[in-house]
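Below: one structure, written as structure tokens.
Throughout, read-outs are computed from the coordinates displayed, never taken from laboratory work. Since the structure is predicted, the reported quantities are computational estimates derived from the model, not experimental observations. Backbone-built Cβ (ideal geometry, glycine too); neighbour counts: all protein chains shown.
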Amino acid sequence: MTQPQDVKPIAQDKPDGRLLRSERSRQLIITAIIELIDEGHLIPTAQQVAHRADVGIRSVFRHFDDMDSIFETANEIILKDTRPLFEGGDRSGDLDTRVLHAIDKLTGGYRSVKNFMLSGRIRRWNTPIIQKNYTLNQKRLQKELESWVPEICDLAECDRQSAYALASFDFWLRLHEDQQVSQTDCVKLISRQIRQLFT
């Protein structure tokens, strides 16, 4: 049966090829900056990002206003993707066991995301969203420690703050990188220092 001439066929919805290419280029740029940071390029340049993404430098700034906006987008993705590294684990046992396991979990996560945390720390001074995310992440890690060791909440304020500092990325980095303390000994040393706050 033929279709009446005054009724046009319903057009099939087709994805716009330009939009797909644009979105793909944007994703390549974000992936490139994340890979570069993970490899140790803590502040990748636009040229490095463009080269890794295999796009032109103009394409980088067609998708993003400036490098800060690329870092901001990457930072959001990194925080979301790395969060599981600090979650989970058997949180039962006595105080000594839980402190040890908590520090093993947290510092193991720090090792995996070291370059991302260093990059964020470098850029937070002039990038408000990274400053905000950095602060929120520190609070989240403190809550993780409290989840492992709820007794920390009963400590005096100065002792509780000491526990947070001892379990922090910065303290682990000082021991492991600057003082060349092995990961195993970092876990033992930090755990012992926190445990002493309860005596």
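Things to note:
- Label-point separation, residue 42 to residue 121 (7 Å along Cα→Cβ), nm: 0.7 nm
- The ranking of 69, 162, 191 from fewest to most other beta carbons within 10 Å of each one's beta carbon is 69, 162, 191.
- Net length gained if the chain between residue 199 and residue 138 were fully extended (0.36 nm per residue, minus Cα distance): 19.4 nm
- Those residues of the range 163-199 whose amide nitrogen sits under 11 Å from the label point placed on residue 95, 7 Å along Cα→Cβ: 195-199
- Cβ-placed point charges (K, R +1; D, E -1), dipole of the chain about Cα centre in debye, nearest 20: 420 debye
- Working from label points 7 Å from Cα in the Cα-to-Cβ sense, the residue 54 to residue 66 distance is 3.1 nm.
- Cα-based helix-to-principal-axis angle, 95-123 vs the chain, degrees rounded to 10: 50 degrees
- Cα long-axis angle, helix 17-38 against the chain (0 to 90 degrees, to the nearest 10): 20 degrees
- 172, 125, 148 arranged by Cβ crowding within 10 Å, fewest neighbours leading: 125, 148, 172
- Electrostatic dipole magnitude of the range 18-64 [Cβ: Lys, Arg +1; Asp, Glu -1; Cα centre; debye, to 20]: 400 debye
- Within the chain, longest stretch clear of exposed GluC sites (Glu not before Pro) (DSSP loop, no more than 13 other Cβ within 10 Å): 88-199
- Between residue 131 and residue 76, the contour length at 0.36 nm per residue exceeds the alpha carbon distance by 18.6 nm.
- 10 Å beta-carbon shell around residue 176, net charge (K/R +1, D/E -1): 0
- Note on the chain: lysine pairs with Cα distance below 19 Å, sequence gap of 8 or more or different chains, count 12.
- Backbone amide hydrogens, once placed in the peptide plane, bring residue 181 within less than 5 Å of 176, excluding anything fewer than 5 places away on its chain.
- Mean residue ellipticity (222 nm) of the chain, computed from DSSP H runs ≥ 4 via -39,500 (n - 2.57), nearest 500: -21500 deg cm²/dmol
- Each of 186, 153 was scored by other Cβ atoms within 10 Å of its Cβ. Listed from fewest to most, they are 153, 186.
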